[in-house]
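Remarks on the structure that follows.
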Amino acid sequence: MAVERTATLERITEHGPDTRSLFLRLPEPLRFVPGQFISCLLPVGSEVLTRPYSIASDPDSPDVIELLLDRVPTQRGSHHLFSLRPGATVRYTGPWGTFTLEEGPTVEAVFVAIGTGIAPIRPMVRRALATAVRPIVLLYATTPAGTPPYLDEVSAPRPSYTAVRLAAADVVDEVRRRFVEADADRSRQFFLCGVGDVVHALRDLLRAAGYERRAVRYEKW
């Protein structure tokens, strides 16, 4: 049985009117791998909703974790979390998930984050940058409105690292151009995360182009 714990909402960072980060102080350090999530147990009306949220912060800071979320009109869980103020409590279990990166790949790594799909990708990129021996590429697909979370951070130049911001509507064409049509190299490893069918479209595109199934890892929300 999953062990339930209770965190305290320490602070909030607003990224836009409908996107924010919640920083949760935990009762004890949480040992997790970049890419994992916690399941929040949210009291909404007469129900307790279980909702997964990826950890957007690093395992190096296990006492306070960051969750990145959008307010979605049709999702009661996100409305509940947006109603919380510092000092509120949040029950949770975890960490969970197998969409993870423990150390940098030994081949070129390509990360594709669509919207708040940057949440698990952010600590994965950091881990890859600290340990990888081959080039790292980040494609950050966003909407035109507002400032995407972590944009300055993930765009900072580093050796053997390329970060590209693009419109969410263009991400499939960009992946096709860069990693299917540009060369015959099929040794890369991909990490894809975002909301909606575009994640499966990217997965299918890459696998049909000859990339191995295990080289195309993804998490669809």
**Asked** Hey, does segment 112-134 have a residue that's under 27 Å from Ala215 (Cβ atoms), in contact with a Ser or Thr (Cβ under 6 Å, 6 or more places away or on another chain) and not assigned by TED's automatic domain parsing to the domain that holds Glu10?
**Response** yes
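Can you find a residue in segment 76-83 that is outside the structural domain of Cys193 (by TED's automatic domain parsing) and either among the β-branched types (Val, Ile, Thr) or within 24 Å of Phe111 (Cα to Cα) (or both)? Give the derivation first.
Within segment 76-83, the first condition is being outside the structural domain of Cys193 (by TED's automatic domain parsing), and the residues that meet it are 76-83.
Next, from what is left, pick out any that are either among the β-branched types (Val, Ile, Thr) or within 24 Å of Phe111 (Cα to Cα) (or both): none.
No, that holds for no residue.
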**Asked** Does segment 29-49 hold any residues that are in a strand (DSSP E or B) and free of Cβ contacts under 8 Å to residues at least 24 places away in the same chain, and which are they?
**Response** Glu47, Val48
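Here is a check on your reading of the model: is Pro135 surrounded by 14 or more Cβ atoms within 10 Å (Cβ to Cβ), closer than 22 Å to Asp58 by Cα, more than 18 Å from the chain's Cα centre (by Cα) and touching a residue at least 24 places away in the same chain (Cβ under 8 Å)? Working first, answer last.
Working: surrounded by 14 or more Cβ atoms within 10 Å (Cβ to Cβ): yes; closer than 22 Å to Asp58 by Cα: yes; more than 18 Å from the chain's Cα centre (by Cα): yes; touching a residue at least 24 places away in the same chain (Cβ under 8 Å): yes.
Yes; evaluated as a whole, the condition is true for this residue.
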**Asked** Within segment 205-216, is even one residue surrounded by 13 or more Cβ atoms within 10 Å (Cβ to Cβ) and free of Cβ contacts under 8 Å to residues at least 24 places away in the same chain?
**Response** yes
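Can you spot a residue in segment 204-215 that is closer than 19 Å to Val33 by Cα and either at pLDDT below 95 or touching a strand residue (DSSP E or B) at 6+ places or on another chain (Cβ under 8 Å) (or both)? Let's see the steps before the verdict.
Step one: of segment 204-215, the residues closer than 19 Å to Val33 by Cα are 214-215.
Pick out the ones that are also either at pLDDT below 95 or touching a strand residue (DSSP E or B) at 6+ places or on another chain (Cβ under 8 Å) (or both) and you get 215.
Yes, there is a match, as at least one residue in segment 204-215 is closer than 19 Å to Val33 by Cα and either at pLDDT below 95 or touching a strand residue (DSSP E or B) at 6+ places or on another chain (Cβ under 8 Å) (or both).
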**Message:** As an exercise: evaluate Val107 against (1) modelled with pLDDT of 95 or more; (2) surrounded by fewer than 23 Cβ atoms within 10 Å (Cβ to Cβ); (3) within 27 Å of Glu14 (Cβ to Cβ) and give the number of the one condition it does not meet.
**Reply:** (3)
**Prompt:** For segment 163-177, how many residues meet the condition of being more than 17 Å from Arg207 (Cβ to Cβ), in a helix (DSSP H, G or I) and aliphatic (A, V, I, L, M)?
**Reply:** 2
**Prompt:** Name the residues in segment 139-172 that are over 19 Å from Gly16 (Cβ atoms) and surrounded by 12 or more Cβ atoms within 10 Å (Cβ to Cβ), would you?
**Reply:** Leu139, Ser160, Tyr161, Thr162, Ala163, Val164, Asp170, Val171, Val172
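The values are calculated or read from the model by the stated rules, or taken from the named source; none is laboratory data. Here the structure is a predicted model, which means the values were calculated and not measured. Ideal geometry is used to build each Cβ from the backbone, glycine not excepted, and the neighbour counts take in all protein chains shown.
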